[in-house]
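Student: Encoded as structure tokens, here's the structure I'll be asking about.
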């Protein structure tokens, strides 16, 4: 039984790439295309979710991610409530459940959940009532599926055939929920090769089960790739002695135009943002012609509108049944 | 002269149960009924307050209560501004007045006021201009009238005839604005008997003027009642030496299925939330078949929509006059 | 080349009074008049900016100013996002640029910027994409042009002919972005005389270039003026030893009815708020018949609606071209 899919096969919750079919991912990308032109209209909103109530339930602060979901919801004409709960106050399962039960009783239609614990979004989805949808906006080290899908959307706009793609994901693979979701989405969409590039201390131990090729040398990892995805480096990795200094990291794993020269001549460069300039990449790459970083941000709104509207369509079809 | 009622006898401000007639309370309950079905519509909002500006003016933090008022206002299609002011910055009467005058000058239609000082909502209502309504969202130990009315609404849905009701309110009666408002509403609506149950240190001294029977023994207080209302216990009561430990409190005043067995077999259990599980009641009662705690939350939206729309109707009729 | 004006001569950004023509200022005032009656309608909003996204980008906390812009935007039917960024996190030019680029990529139409650094709004306007407008909501000691224009609007409603006006601005001229913008607006609109009144320590050194007459004596400065504008005194001036005590300041520069008696009998008294009662003026003046302080607040909404709608009209006309 798949929590994310309703009995008609539609997307009901969006919690992780794991458990979804290639068809659902392609549906999300195609629905995203239909929303990508909304901001070019003079009235940049559609009435699809008018009268629906969406709660941004953030147990982990993120102005950036919250903003994209809030904008996506408003452009769908939904009413949005932002609720920030410090995990110190509500980290226990029981009080999280009470919070959910209370908001449900207010007839909320959708929760967008961000939480520092892996599995939190699944926990919420398992416990909400049938008429409520849950979107995972990042849970611990587990998944960040809307980020992965906006990345797939951005890739597809530049490189329409996933079957031909070589993709390198560079950085802190071990701790990155973004990387986990990207790897699953790329494999599901049939990418020819997914590589991960990191120092040994930031590589997961069981690499084979992930379906990736691992590299500790950036130059080797980038050779002939069509897409380079740089991950954001969390500063606490340095403090935890998993890494030497920022400077040394940049020397070995920071992206420069020179290092990029071994990639395919048409390769694009991606980053989930915000970029630590001079750590993950230098500004010439970040602002250069191959960077699609700002397109990722734009596409993030379209993809979030897509999954929100698809989840609500699932609810509507269940109501009819 | 009654501050809360306009010259046509309509509700203009909603500050306390005190001073209102049984007819007005019944009007609020009936108007609440008309809004209770709004969340079942596919577009769960009505255009009644479109273009009106409502300010949530919270001098005491409460995400929970603020959320219910914000949702109620949005479902009435009003524009909502949330303004949180720490009382340290604005506790003086003069600067509160300046804050009010400024917001009035921005053509605000309604203030929802929460304040740690008893009487704050009345103060605001006495000083606002004629075209502005004030809703009390809790002032000190004085009143929390929307909470009391959502409780009456919940009771009436289960027990339509107040004249036959025996109700027990259990917990910190002395410090509870919720209890004060509930007692007044129950007496005004003609409840057969209102009991309060608490340790002596948490009972008010002048009980006769309240129109209640007092009990210090929970079992005696619960005998044959139709409604049990558990109050939330503020942790600082323990620190203030008014109470022994949480554990001992639960032993004597915490609600369990066994203790509940002396109540009427159809008795319902209420709590304003959030519940301290294992202090005011155990989870089997909180989540059990007699608990209507989550219905209270749902009804809170309907009742807040009711008082907001009634207050605005008063303004509209005064404009015509 | 004037950053604020598009190639058809329309207002595109509103950054400072400096660089604008008398005609543009008069257009703003006249457009403000058309919005001043919106709050008297039963539905107090207009659909002019429906589907537009406005971001309040506040690097300096100000509930008051943020509220007026949020209300103005909502009454124009725009979607509003409030983003507060502590300058400690984002003070560097590079990360400010990254923040801008990201929000632009979300298809934001307008930034309302408040920042503690002079020139921040110009910086933003120089770097945004062509389809984005910028409104300065106060930058360092430089400018606060919407405040100045709501003041001009308030003056014109009482004294329609600027050519005949004598205006005194009293208080901390040296550090006040409000005063700088007021002086420029008054001179551009042709005021007969602009005076500044302050202790020497709070007067700028190059007064002649400002087009004002300076006074250190309040009584002399107020003689025969038609408009008295009191500035807010920042408490830190006292701590910085630029001023003796609040009490002594009030003795010399605080406005009382008695001191006001030398002004023109019809003189009006203004203050940008919030007033430090007993420091800049006593309550009898603040609440007296000559005070137009609350009218300033009301007009603030109309003027902000005016500049927002004018900037958006500039964008629309550029799209057509």
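Student: Restricting to the stretch A:121-138, name every residue that is under 12 Å from residue A:96 (Cβ atoms) and in contact with a helix residue (DSSP H, G or I) (Cβ under 8 Å, 6 or more places away or on another chain).
Tutor: Selection gives A:123, A:124, A:127, A:128.
Student: Still on this structure, I have one more. For the stretch A:28-67, name all the residues that are in a loop (DSSP other than H, G, I, E, B), more than 9 Å from every other protein chain (Cβ to nearest Cβ) and without any contact (Cβ under 8 Å) to a residue 24 or more places away in the chain.
Tutor: Result: A:37, A:61.
Student: Return a yes/no flag: does the stretch C:203-218 have any residue that is touching a strand residue (DSSP E or B) at 6+ places or on another chain (Cβ under 7 Å), within 17 Å of residue C:263 (Cα to Cα), crowded, with 17+ Cβ neighbours inside 10 Å and touching a residue at least 12 places away in the same chain (Cβ under 8 Å).
Tutor: Here is the first cut: in the stretch C:203-218, the residues touching a strand residue (DSSP E or B) at 6+ places or on another chain (Cβ under 7 Å) are C:203, C:207, C:211-215, C:218.
Those still in the list that are within 17 Å of residue C:263 (Cα to Cα) too: C:213-215, C:218.
If we keep only those that are crowded, with 17+ Cβ neighbours inside 10 Å too, we end up with C:215, C:218.
Those still in the list that are touching a residue at least 12 places away in the same chain (Cβ under 8 Å) too: C:215, C:218.
Taking every residue of the stretch C:203-218 in turn, at least one turns out to be touching a strand residue (DSSP E or B) at 6+ places or on another chain (Cβ under 7 Å), within 17 Å of residue C:263 (Cα to Cα), crowded, with 17+ Cβ neighbours inside 10 Å and touching a residue at least 12 places away in the same chain (Cβ under 8 Å).
Student: In addition: Name the one entry in A:42, A:16, A:34, A:8 that is under 23 Å from residue A:296 (Cβ atoms), touching a helix residue (DSSP H, G or I) at 6+ places or on another chain (Cβ under 9 Å) and surrounded by fewer than 16 Cβ atoms within 10 Å (Cβ to Cβ).
Tutor: On the way: A:42 fails: under 23 Å from residue A:296 (Cβ atoms); A:16 fails: surrounded by fewer than 16 Cβ atoms within 10 Å (Cβ to Cβ); A:8 fails: under 23 Å from residue A:296 (Cβ atoms).
Every option except A:34 fails the conditions.
Student: Here is a list: A:232, A:304. Which entry is modelled with pLDDT under 95 and closer than 24 Å to residue A:112 by Cα? Before you say what the answer is, go through the steps one by one.
Tutor: Working: A:304 fails: modelled with pLDDT under 95.
Step by step, each of A:232, A:304 is checked, and only A:232 is modelled with pLDDT under 95 and closer than 24 Å to residue A:112 by Cα.
Student: Being within 13 Å of another protein chain (Cβ to nearest Cβ) and in a helix (DSSP H, G or I) is the filter here, so list the residues in the stretch A:253-299 that pass it.
Tutor: A:283, A:286, A:293, A:294, A:295, A:296, A:297, A:298, A:299, listed by residue number.
Student: Against the condition farther than 21 Å from residue C:82 by Cβ, in the same structural domain as residue B:113 (by TED's automatic domain parsing) and at pLDDT 95 or above, how does residue B:100 come out, does it pass? Don't jump to the end; show me each part of the working.
Tutor: Values: farther than 21 Å from residue C:82 by Cβ: yes; in the same structural domain as residue B:113 (by TED's automatic domain parsing): yes; at pLDDT 95 or above: no.
When the stated conditions are applied, residue B:100 does not pass them.
Student: Checking residue B:131 against (1) more than 14 Å from chain C (Cβ to nearest Cβ); (2) touching a residue at least 60 places away in the same chain (Cβ under 8 Å); (3) over 22 Å from residue B:18 (Cβ atoms); (4) assigned to a loop (DSSP other than H, G, I, E, B), which single condition isn't satisfied?
Tutor: Against the list (1) more than 14 Å from chain C (Cβ to nearest Cβ); (2) touching a residue at least 60 places away in the same chain (Cβ under 8 Å); (3) over 22 Å from residue B:18 (Cβ atoms); (4) assigned to a loop (DSSP other than H, G, I, E, B), residue B:131 comes up short only on (1).
Student: Among the listed residues B:216, B:205, which satisfies the condition of being modelled with pLDDT under 95, over 25 Å from residue B:4 (Cα atoms) and in the same structural domain as residue B:256 (by TED's automatic domain parsing)? Even if it seems obvious, please write down each step before you answer.
Tutor: Numbers: B:216 fails: modelled with pLDDT under 95.
Step by step, each of B:216, B:205 is checked, and only B:205 is modelled with pLDDT under 95, over 25 Å from residue B:4 (Cα atoms) and in the same structural domain as residue B:256 (by TED's automatic domain parsing).
Student: Among the residues of the stretch A:94-117, count how many are out of contact with any strand residue (DSSP E or B) (no Cβ under 7 Å at 6 or more places or on another chain), without any contact (Cβ under 8 Å) to a residue 24 or more places away in the chain and within 7 Å of chain B (Cβ to nearest Cβ).
Tutor: Going residue by residue through the stretch A:94-117, those that are out of contact with any strand residue (DSSP E or B) (no Cβ under 7 Å at 6 or more places or on another chain) are A:95-102, A:104-106, A:116.
Okay, now just the ones that are also without any contact (Cβ under 8 Å) to a residue 24 or more places away in the chain, so A:95, A:98, A:101-102, A:105.
Next, from what is left, pick out any that are within 7 Å of chain B (Cβ to nearest Cβ): A:98, A:101-102, A:105.
Adding up the residues that qualify gives 4.
Student: Check the stretch B:68-87 and report whether any residue there is assigned to a helix (DSSP H, G or I), more than 10 Å from chain C (Cβ to nearest Cβ), without any contact (Cβ under 8 Å) to a residue 12 or more places away in the chain and surrounded by fewer than 19 Cβ atoms within 10 Å (Cβ to Cβ). Before you say what the answer is, go through the steps one by one.
Tutor: Quick first cut of the stretch B:68-87, residues assigned to a helix (DSSP H, G or I) only: B:68-75, B:87.
Subsequent filtering for residues that are more than 10 Å from chain C (Cβ to nearest Cβ) retains B:68-75, B:87.
Those still in the list that are without any contact (Cβ under 8 Å) to a residue 12 or more places away in the chain too: none.
Scanning the stretch B:68-87 turns up no residue that is assigned to a helix (DSSP H, G or I), more than 10 Å from chain C (Cβ to nearest Cβ), without any contact (Cβ under 8 Å) to a residue 12 or more places away in the chain and surrounded by fewer than 19 Cβ atoms within 10 Å (Cβ to Cβ).
Student: I've got another one for you. Which residue, of C:18, C:27, is within 24 Å of residue C:115 (Cβ to Cβ) and out of contact with any strand residue (DSSP E or B) (no Cβ under 6 Å at 6 or more places or on another chain)?
Tutor: On the way: C:27 fails: within 24 Å of residue C:115 (Cβ to Cβ).
Sole residue among the options that is within 24 Å of residue C:115 (Cβ to Cβ) and out of contact with any strand residue (DSSP E or B) (no Cβ under 6 Å at 6 or more places or on another chain): C:18.
Student: Additional query: The conditions are (1) surrounded by fewer than 23 Cβ atoms within 10 Å (Cβ to Cβ); (2) in a loop (DSSP other than H, G, I, E, B), and residue A:225 fails exactly one of them. Which is it?
Tutor: Against the list (1) surrounded by fewer than 23 Cβ atoms within 10 Å (Cβ to Cβ); (2) in a loop (DSSP other than H, G, I, E, B), residue A:225 comes up short only on (1).
Student: What is the one condition in (1) away from chain B (no Cβ under 14 Å); (2) touching a helix residue (DSSP H, G or I) at 6+ places or on another chain (Cβ under 6 Å) that residue C:314 does not satisfy?
Tutor: (2)
Student: Could I ask something else about it? Restricting to the stretch B:189-206, count the residues that are part of a loop (DSSP other than H, G, I, E, B) and under 26 Å from residue B:156 (Cβ atoms).
Tutor: 5
The values are calculated or read from the model by the stated rules, or taken from the named source; none is laboratory data. Everything numeric here is computed off the predicted structure, so don't read it as measured data. Every residue, glycine as well, gets a Cβ built from its backbone with ideal geometry; the counts of neighbours run over all protein chains shown.
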